[in-house]
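Worksheet: the structure to be examined is printed underneath.
The values are calculated or read from the model by the stated rules, or taken from the named source; none is laboratory data. A quick note: this is a predicted structure, and the numbers were derived from the prediction, not measured. Positions of Cβ are generated from backbone atoms using ideal geometry, with glycine treated the same way; all protein chains shown enter the neighbour counts. With ligands, DNA and RNA removed, areas are computed over all heavy atoms of the protein, side chains included. Shrake-Rupley method; radii C 1.70, N 1.55, O 1.52, S 1.80 Å.
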Amino acid sequence: MRSRNPVFSRRGFSRDNGYAGFNAAPQAGGPAVATQGNPYAQQAGTPYAQNPYAQNPYAQQDVEYGAPQAPAAPGRMTMDDVVVRTASTLGVLIVTAALSWALLPVDDAHINRSYGIAIGAALIGMVLAFVQSFKRTASPALILTYAAFEGVFLGVVSSVVDNRIASGAAMQAVLGTMAVFAAVLVAYKAGWIRVNRRFVGFVMAAALGFVLLMAVNLLFAVFGGGDGLGFRSGALGVVFGVIGVLLGACFLALDFKQVEDGVAYGAPREEAWLAAFGLTLTLVWIYLEFLRLISILNSND
């Protein structure tokens with residue numbers, strides 16, 4: 001299953017990668033998991049096939065209860081690894097956002113300077129995100145640096161909206177992002193969201209159309225002035241803001257699926273940094289959509 005997220009689809013947990021063959025049929029008499037292209041799956045006709053994870057020769061068989069007690073494979077990514085690295089990445093982002101909020105004033109005398117710093121940080125963060133997305137290995141330093149610059153941008157933007165448009169908007173956007181994350185996680189674990197090919201195709205098509213419309217709207221705003229085609233203001237702005245949040249929720253479901261597959265198929269532990277990076281990108285998307293939606297609703301009052 002390929003994620004919309006270039007972080008996942010490039011290297012870590014996509015179909016035909018080095019960790020899992022999702023299209024392969026299960027071997028006769030073997031476990032009901034895909035084995036083709038997966039160096040950690042047991043091959044037919046060979047008890048071990050030079051694979052220390054297919055069948056652990058050191059697993060302790062519990063004779064009394066009939067259950068094998070095998071230790072976790074060393075060097076493989078676990079859910080705890082993903083949680084810790086995601087918390088570290090988001091922690092850096094939150095700290096730099098708080099510092100930029102406190103140290104970069106947005107009053108009339110200083111707002112242009114703060115805007116300039118925020119735009120510069122956003123551009124640097126975008127470049128770092130693209131570099132990491134196309135790297136074949138995770139770079140913790142690069143990911144944390146991206147989080148730091150993205151935090152500067154978010155801190156200034158949040159301060160502008162909170163102090164000049166809608167008081168309390170930043171906290172509302174944070175709570176909204178947390179609510180979406182929790183809701184999608186519960187729905188995914190409960191099986192209410194099924195991430196299959198049809199779901200992925202729908203999300204990819206919707207995301208492509210959304211991004212193209214926003215790009216056209218931005219071009220009209222830059223060269224024609226005003227709000228462009230009006231997709232980010234007024235009633236249309238509210239509609240597209242809601243669509244943006246829903247797309248972010250769909251992206252979260254895709255990300256959860258890719259992380260789950262990476263853990264199940266034995267991706268290396270360093271891939272947890274890619275998972276953290278991808279989840280951070282999605283959460284930033286949702287937060288910005290909430291912030292934009294709140295600012296539109298308050299500007300219409």
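Values for this structure:
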quantity	calculated
Cross-chain or 6+ apart pairs with Cβ under 9 Å, region 139-162 first and closer than 21 Å to Phe290 by Cβ, then hydroxyl-bearing (Ser, Thr, Tyr) and open to solvent by 30 Å² or more (accessible area, probe 1.4 Å)	Ala147/Ser88; Val156/Tyr115; Val160/Tyr115
Options Leu154, Leu90: the member that is part of a helix (DSSP H, G or I), surrounded by 15 or more Cβ atoms within 10 Å (Cβ to Cβ) and in contact with a Ser or Thr (Cβ under 7 Å, 6 or more places away or on another chain)	Leu90
Some residue of region 237-247 being in a loop (DSSP other than H, G, I, E, B) and among the hydrophobic types (A, V, I, L, M, F, W, C)	no
Verdict on Ala129 being in contact with a Leu (Cβ under 8 Å, 6 or more places away or on another chain), closer than 28 Å to Leu246 by Cβ, open to solvent by less than 20 Å² (accessible area, probe 1.4 Å) and assigned to a helix (DSSP H, G or I)	yes
Scope region 157-170; condition in a helix (DSSP H, G or I) and open to solvent by less than 30 Å² (accessible area, probe 1.4 Å); matching residues	Ser158, Ser159, Val160, Val161, Asp162, Ala169, Ala170
Test for Val83: is it farther than 21 Å from Phe256 by Cα, free of Cβ contacts under 8 Å to residues at least 60 places away in the same chain and open to solvent by 50 Å² or more (accessible area, probe 1.4 Å)	no
Count of residues meeting criterion [over 16 Å from the mean Cα position of the chain (by Cα), modelled with pLDDT of 95 or more and hydroxyl-bearing (Ser, Thr, Tyr)] in region 128-158	2
Members of region 190-212 found to be surrounded by fewer than 15 Cβ atoms within 10 Å (Cβ to Cβ) and either part of a helix (DSSP H, G or I) or β-branched (Val, Ile, Thr) (or both), listed by number	Arg197, Arg198, Gly201, Phe202, Ala205, Leu208, Gly209, Val211, Leu212
Among the residues listed as Ala187, Ala173, the single one being open to solvent by less than 30 Å² (accessible area, probe 1.4 Å), at pLDDT 95 or above and out of contact with any helix residue (DSSP H, G or I) (no Cβ under 6 Å at 6 or more places or on another chain)	Ala187
Test for Ser233: is it surrounded by 15 or more Cβ atoms within 10 Å (Cβ to Cβ) and over 15 Å from the mean Cα position of the chain (by Cα)	yes
In region 154-181, the residues that are farther than 22 Å from Val95 by Cα and of a type in the set (Gly, Ala, Ser)	Ala166
Total residues in region 244-264, condition open to solvent by 50 Å² or more (accessible area, probe 1.4 Å) and either at pLDDT below 95 or more than 30 Å from Asp227 (Cβ to Cβ) (or both)	2
